[in-house]
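The values are calculated or read from the model by the stated rules, or taken from the named source; none is laboratory data. These figures come from a predicted structure and were not determined experimentally. Here Cβ is always computed from backbone atoms with ideal geometry, including for glycine, and neighbour counts include all displayed protein chains. With ligands, DNA and RNA removed, areas are computed over all heavy atoms of the protein, side chains included. Shrake-Rupley method; radii C 1.70, N 1.55, O 1.52, S 1.80 Å.
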Amino acid sequence: MKGLLLKDFFTLSKSLRMFLLLILVFACMPGYNMAIFAVVYASLLPVTALSYDERCKWDTLAAMSPYSPAEMVISKYLLGYIGILFASMLALAVHAVYGLFSSSPAGGYVSSIAGGAVSGLLIIGLTLPAMYKFGVEKGRIAFFVILAVTFGAVAGLSALSDNGKLSGFGLDIGAGTGILILLAVILLNAASILLSIKFYSKREF
Amino acid sequence: MNAIEIRNLRKEYPGFLLDDISFDLPCGSIVGLVGENGAGKSTTIKLIMNAIRKDGGSVKVLGTDNEDPAFLKLKNDIGVVLDDAYFPETLSAVNVGKVMAYTYRSWDAAEYRRLLSWFSLPDKKAFADYSRGMKMKLAIAVALSHRPRLLILDEATSGLDPMVRDEVVDVFNDFTREEDHSILLSSHIVSDLEKICDYIAFIHKGRLLLMEEKDRLLEEYAVARLPEEQLADLPEEAVVGVKKGAYGAEALVRRELVSPSFPLERTTLEEIILFLAKGGR
């Protein structure tokens with residue numbers, strides 16, 4: 001598994017540099033949504049890595065090595081989770097440093113980043129099975145549909161919220177509801193991993 | 001003991017059938033899998049490695065059924081080189097070594113460095129900028145650096161210039177100096193197989209036409225070059241295949257079934273394969 005993550009790290013090294021720059025820039029920009037965008041962007045790392053894998057036929061080579069289908073799949077989910085965690089932490093750290101020199105409030109920012117992280121988890125959970133089922137090219141169509149529906153729904157709900165103000169990706173929610181949403185997203189990811197392993201195991205290389 | 005045992009292997013694709021493939025790779029030997037492009041060599045190798053599902057038959061590798069969960073760990077002992085190297089384009093040889101160190105439990109970093117140096121491969125150059133020869137050398141270096149007992153090479157020498165091919169063939173010869181090391185080498189370059197193989201398995205249009213010791217094949221078969229009208233003088237049961245041209249005919253024959261008085265010439269593996277592929281019996 002470490003080898004697979006290291007391979008993705010090397011493969012994505014150029015994208016990761018741009019990713020770091022994005023987080024730094026977005027975290028320093030006024031308003032919450034740009035930082036959320038950087039965190040959500042991290043959830044796209046597995047799809048980018050899969051796209052590189054598909055281009056060089058890495059899976060054909062990996063099928064000859066001691067990696068199991070479960071390891072192949074879980075490594076991509078881990079890549080996304082690590083990316084989201086790293087982006088969230090970095091965005092918060094940069095914002096904290098930025099806050100020392102400005103009057104930007106911290107509380108709303110933390111909930112915005114948390115909302116972004118949950119959205120990222122949702123994207124990973126919803127899109128990766130499609131990638132493993134249809135491949136990256138065809139899966140990308142499913143990916144955009146899922147992304148549009150998910151964020152359309154979030155935007156719609158936020159418009160219907162009390163004051164229509166976007167916070168924590170739009171929804172003024174209590175801590176209890178937030179935990180329930182997080183649990184639901186975790187469960188979705190668990191089911192998503194199992195489904196992806198099933199799809200990957202059926203593939204031939 | 002056999003390093004590979006294949007029995008009645010079958011795989012069907014739309015428009016292609018690999019059927020009834022059975023052969024053994026005895027430990028300590030090199031089996032050459034020969035056949036035209038699309039004959040089923042790569043399919044056979046992928047079936048051996050359980051990278052595709054078989055429709056029938058059985059495969060045992062190093063004593064383990066390849067559908068047994070234990071086969072996954074056994075892949076640590078199998079070095080595979082495919083027809084292309086398939087490493088990510090941005091990785092350098094050093095990066096590939098670091099990835100493989102976490103992939104194979106017996107990764108030998110010193111041996112990997114030695115092979116990189118022996119093959120004159122650059123440490124830092126991105127894989128995308130490698131020539132075809134360099135890519136295949138890197139794949140071979142990786143396959144040899146996790147201390148495999150079995151090497152499976154699918155067209156590993158195709159597309160390489162003759163000098164590089166010669167180097168690579170030497171590496172394979174060195175590998176089999178250990179008596180429990182075995183190689184399955186697929187190629188359509190028969191001259192490479194003739195140099196190093198102990199056995200030849202010939203697959204043609206998805207069927208195994210022969211599996212024989214190479215030296216025995218070369219002893220068993222001979223070529224008669226003669227005017228077309230003299231073909232009838234050869235015993236019918238001795239003739240394996242016939243080629244007719246403007247200046248006469250050539251017949252591949254079973255040497256022992258032809259009278260010693262008949263002028264026969266020593267044949268090559270390539271001639272045997274060509275005669276058999278073109279409708280020999």
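Where Rh denotes the Kirkwood radius from the mean inverse Cα pair distance, what is Rg over Rh for the range A:39-107? If you can, show how the numbers build up before the last one.
On the way: Rg = 17.5 Å, Rh = 14.2 Å.
So for the range A:39-107, dividing Rg by the Kirkwood Rh gives 1.23.
Got a sec? Charge dipole of chain B, +1 on Cβ for Lys and Arg, -1 for Asp and Glu; which of B:112, B:21, B:96 is way out at the positive end?
Result: B:96.
Inside 10 Å of the C-beta atoms of B:76-85, what's the mean count of C-beta atoms belonging to other chains?
Working: counts 2, 1, 3, 1, 4, 2, 6, 1, 4, 3.
Per residue, the number of nearby Cβ atoms from other chains is 3 on average.
Restricting the count to DSSP beta bridges whose residues both fall in chain B, what percent are antiparallel, rounded to a multiple of 5?
Values: 35 of 53 bridges.
Of those bridges, close to 65 percent are antiparallel.
Per residue, how large is the accessible surface of the protein assembly as shown? Use a 1.4 angstrom probe and give square angstrom. Please list the in-between numbers first.
Details: 22460 Å² over 486 residues.
Normalised by residue count, the accessible surface of the protein assembly as shown is 46 Å².
Where in the range B:39-55 does accessible area fall by at least 10 Å² between the isolated chain and the complete protein assembly, at a 1.4 Å probe radius?
Residues losing area: B:46, B:49, B:51, B:52, B:53.
Run the reach check for residue B:11 against lysines, Cα to Cα strictly under 17 Å, same-chain hits fewer than 8 apart removed. What comes back?
A:202, B:41, B:46, B:54, B:60, B:205
Taking the Cα centre of the protein assembly as shown as origin, work out the dipole magnitude from +1 charges on Lys and Arg Cβ and -1 charges on Asp and Glu Cβ, in debye rounded to 20. Mind dumping the intermediate values first?
On the way: 50 positive and 55 negative charges, 438 e Å.
Using Cβ point charges on Lys, Arg, Asp and Glu, the protein assembly as shown gives about 2100 debye.
Per the helix-only calculation at 222 nm, which mean residue ellipticity applies to chain B, given -39500 (n - 2.57) for every DSSP H run of n ≥ 4 and division by its residues, nearest 500 deg cm²/dmol? Mind dumping the intermediate values first?
Working: 9 runs with 81 residues, N = 281.
My calculation for chain B gives -8000 deg cm²/dmol from helical runs alone.
First compute the accessible area of the protein assembly as shown with a 1.4 Å probe, then give the percent of it belonging to carbon and sulfur atoms.
Taking all protein chains in place, the protein assembly as shown shows 59 percent carbon and sulfur surface.
Averaged across the residues of A:57-70, what count of C-beta atoms belonging to other chains lies within 10 Å of each residue's C-beta? Could the numbers behind the result be given before it?
On the way: counts 5, 3, 2, 6, 11, 3, 8, 16, 11, 12, 3, 3, 1, 0.
Counting Cβ atoms of other protein chains within 10 Å of each residue's Cβ and averaging gives 6.
Just the number, please: buried accessible area between B and A, total of both chains, 1.4 angstrom probe, nearest 100 square angstrom.
Values: alone 13760 and 11080 Å², together 22460 Å².
When B and A are taken together, about 2400 Å² of accessible area is lost.
So what is the orientation-averaged projected area of the range B:70-195, using the convex hull of its C-alpha atoms, in nm²?
Numbers: hull surface 29.9 nm².
Mean projected area of the Cα convex hull: 7.5 nm².
Distance in nm between label sites at residue A:180 and residue B:55, each 7 Å beyond Cα in the beta-carbon direction?
About 5.3 nm separates the two model spin labels.
Going from most exposed to least, what order do B:90, A:11 have by accessible area with a 1.4 Å probe? Please list the in-between numbers first.
Numbers: B:90 60, A:11 10 Å².
My answer, sorted largest first, is B:90, A:11.
With the cut-off at 1.5 for a/c, could you classify the range B:115-249 from its C-alpha gyration tensor as rounded, prolate or oblate? Can you show the working numbers first?
On the way: a/c = 3.23, a/b = 2.17, b/c = 1.49.
Prolate.
Under the rule of at least 5 residues apart or a separate chain, name every residue whose amide H is placed under 5 Å from the amide H of residue B:209.
Placed amide hydrogens put B:202, B:203, B:204 under 5 Å from residue B:209.
Give a residue-ordered list of calculated ³J(HN,Hα) values for the range B:242-248 (Karplus: 6.51 cos²θ - 1.76 cosθ + 1.60, θ = phi - 60°; whole Hz; x for Gly, Pro).
The phi angles translate into 10, 10, 10, x, 5, 10, x Hz.
Specify, per residue and in Å³, the volume enclosed by the convex hull of the alpha carbon atoms belonging to the protein assembly as shown.
It is 172 Å³ per residue.
Multiply the residue separation of residue A:25 and residue A:141 by 0.36 nm, subtract the distance between their alpha-carbon atoms, and state the gained length in nm to one decimal.
Details: separation 116, 0.36 × 116 = 41.76 nm, distance 2.93 nm.
Here the segment from residue A:25 to residue A:141 would lengthen by 38.8 nm.
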